[in-house]
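Right, one structure below, let's go through it.
The values are calculated or read from the model by the stated rules, or taken from the named source; none is laboratory data. This structure is a prediction, so every number in the text was calculated from the model and none was measured. Because the Cβ atoms are built from the backbone with ideal geometry, glycine has one as well, and the counts that use them run over all protein chains shown. Accessible surface is based on the protein model in full, side chains and every heavy atom, while ligands, DNA and RNA are left aside. Shrake-Rupley method; radii C 1.70, N 1.55, O 1.52, S 1.80 Å.
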Amino acid sequence: MMMNGTLDMVSGLEKIRGRFLDLLKTRQQNIAHHAVLAYDSTTIEDVNTNLAAARDILHQIAGTAGSLGFEKLGISARHCENEIVTHLNTPNDELTLCPDGLLVQLDDFVGQCRSIIH
């Protein structure tokens, strides 16, 4: 009897992991899209809007990845999220447009997602 419950739990976890990976494909594409839009933006408002959208997606990934066995991905997502938060909390008169270092981090994160998905 105990064995059945354990198998059901493992099966349920695998379904959740599968759903996470399906979502990860879309989420990494959306992060890449917002990073490109932030890079191409000519106003601080547009940069920040796109970075905030990427931050929100990263937050979702960071909140789930570790508990599903993707600890490194979760840590990377949290790091990128925190870097964006730091950027967004910088006073506007001190902001440059989208910082290159932040774009490199987002690109690295998207690459990490791709290596997990494929």
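General observations
- Pairs with Cβ under 7 Å, 6+ apart, first in the stretch 97-118 and open to solvent by less than 80 Å² (accessible area, probe 1.4 Å), second modelled with pLDDT under 90: LEU97/ILE44
- Of the residues making up the stretch 33-74, those that are surrounded by 17 or more Cβ atoms within 10 Å (Cβ to Cβ), without any contact (Cβ under 8 Å) to a residue 24 or more places away in the chain and among the small types (Gly, Ala, Ser) number 3.
- Residue in the stretch 8-16 that is at pLDDT 90 or above and either farther than 14 Å from PHE109 by Cβ or part of a loop (DSSP other than H, G, I, E, B) (or both) present: yes
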